[in-house]
Amino acid sequence: MILLTGGTGFVGRHLARQFVADRRPVRVLSRTPHLAALPDAVTWAQGDLGDPSSTRDALRDVHTVVHAAALDTGSTAASLEHTNVDGTTMLARIARDAGIRHFVHISSAGVYGDGGTPAAHRESDIPSPMTAYQRSKLAAEQTLMATLEGSGVPWTILRPPELYAADRLGTRIFFRNVARRRLWLHGPAHMLVQPTHVTDLVSAVLLVVDRERSQRQVINIGGARALELREWIAMVGERMNHSPLQFKAPGSMRGMATLAT
């Protein structure tokens, strides 16, 4: 049995459906069971990461934890700390005591912060988070490793960049902007993106879940290549038969560029 946290969220829904499609028994831990439309084969455990009792019950007969639950950007620093860091600590501690065979943690490439070179990040790069969300995701990784240290429970940390899919609100807004804008102004700094479809992350999770005795690893998950935002806009625009005119604003126009984008 796989225990999936965050199963009602964007990534979690895709994971749960794929687990069922592969005939892998999956249990979703949620404060609001049945909130998301998931396959009937999914079993539910009502509970909260902050409640040790319900978490212990949810881990009964479980061999693998896939931890996808997290608050995203836009939450307060205190809320991010409570859910992303404290929640991970609690889950890891109970999973350790339960003798789980593998703990897969969905983190974020945001832990690297802004890059200093025009290239995709490597696992050997030193994390340098800049936002409260990024700091909470790095702290969650650190508390997971510390909690499972010496326990014999293997862990895998996956760091995907910004994900996209048709059922993600941010994706729909971006595509709509590309389709409607006539002009797109960019600031003076280069902005790199690494478009990664959510199914790529799901495939990565399936691979590491099948490697139960894998070494403790941090793995970056990304699309085929990193590219500049203006190139990504042009690629999306070409598919939509509408490509906005794109211009790079000089440094003196930085405020204007920010407003325009």
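The values are calculated or read from the model by the stated rules, or taken from the named source; none is laboratory data. This is a predicted model, so every value here is computed, not measured. Using ideal geometry, Cβ is built from the backbone for each residue, glycine included, and neighbour counts are taken over all protein chains shown. Please note that ligands, DNA and RNA were not included when accessible areas were found on the heavy atoms of the full protein model with its side chains. Shrake-Rupley method; radii C 1.70, N 1.55, O 1.52, S 1.80 Å.
Take the conditions (1) open to solvent by 20 Å² or more (accessible area, probe 1.4 Å); (2) over 17 Å from Ala70 (Cβ atoms); (3) touching a Lys or Arg at 6+ places or on another chain (Cβ under 8 Å); Ile221 misses just one of them, which is (2).
If you go through segment 1-25 and keep only what is touching a Phe, Trp or Tyr at 6+ places or on another chain (Cβ under 8 Å) and either farther than 10 Å from Val42 by Cβ or among the acidic types (Asp, Glu) (or both), you end up with just Ile2.
Could you say whether any residue in segment 134-154 is under 18 Å from Met191 (Cβ atoms) and modelled with pLDDT under 95? Yes, segment 134-154 contains at least one residue that is under 18 Å from Met191 (Cβ atoms) and modelled with pLDDT under 95. Of all residues in segment 224-261, those that are modelled with pLDDT of 65 or more and within 20 Å of Val178 (Cα to Cα) total 24.
Of all residues in segment 168-189, which are among the aromatic types (Phe, Trp, Tyr) and either open to solvent by 50 Å² or more (accessible area, probe 1.4 Å) or within 27 Å of the chain's Cα centre (by Cα) (or both)?
Residues of segment 168-189 among the aromatic types (Phe, Trp, Tyr): 174-175, 184.
Within segment 168-189, Phe174, Phe175 meet the criteria.
Look at segment 124-140: where a residue is open to solvent by less than 40 Å² (accessible area, probe 1.4 Å) and a partner is of a type in the set (D, E, K, R) and part of a helix (DSSP H, G or I), sitting 6+ places away or on another chain with Cβ atoms under 7 Å, you get Pro129/Arg135; Ser136/Glu81.
Anything in segment 149-175 that is outside any loop (DSSP other than H, G, I, E, B) and of a type in the set (Gly, Ala, Ser)? List them, or say none. Spell out how you get there, then give the answer.
Looking only at segment 149-175, we keep the residues that are outside any loop (DSSP other than H, G, I, E, B), and these are 155-159, 163-164, 169-175.
Residue satisfying the conditions is Gly170 alone.
Exactly one residue out of Val104, Val178, Val111, Val202 is part of a helix (DSSP H, G or I), within 25 Å of Val20 (Cα to Cα) and not charged (D, E, K, R), and it is Val202.
For Gln194, the conditions (1) modelled with pLDDT of 90 or more; (2) within 14 Å of the chain's Cα centre (by Cα) all hold with the exception of (1). Answer with yes or no whether Leu91 is within 16 Å of the chain's Cα centre (by Cα) and not aromatic (Phe, Trp, Tyr). So Leu91 fails the test.
Considering the conditions (1) over 20 Å from Ser75 (Cβ atoms); (2) without any contact (Cβ under 8 Å) to a residue 12 or more places away in the chain; (3) of a type in the set (Val, Ile, Thr), Ile173 is excluded by exactly one of them, (1). The set of residues in segment 1-12 being outside any loop (DSSP other than H, G, I, E, B) and of a type in the set (Ser, Thr, Tyr) consists of Thr5 alone. Out of curiosity, is Ala37 modelled with pLDDT of 95 or more, of a type in the set (Gly, Ala, Ser) and over 23 Å from Ser107 (Cα atoms)? No; evaluated as a whole, the condition is false for this residue.
Counting only residues that are touching a residue at least 60 places away in the same chain (Cβ under 8 Å) and open to solvent by less than 10 Å² (accessible area, probe 1.4 Å), give me the strands (runs of 3 or more DSSP E) lying completely in segment 13-86 with at least 2 of them.
The qualifying strands (runs of 3 or more DSSP E) are 64-67.
For segment 141-167, a residue qualifies if it is open to solvent by 10 Å² or more (accessible area, probe 1.4 Å) and more than 30 Å from Leu229 (Cα to Cα), and the qualifying residues are Gln142, Thr143, Met145, Ala146, Thr147, Glu149, Gly150, Ser151, Gly152, Trp155. For segment 87-123, taking the residues that are more than 18 Å from Thr143 (Cα to Cα) and in contact with a helix residue (DSSP H, G or I) (Cβ under 7 Å, 6 or more places away or on another chain), the one that is least open to solvent (accessible area, probe 1.4 Å) is identified as Gly113.
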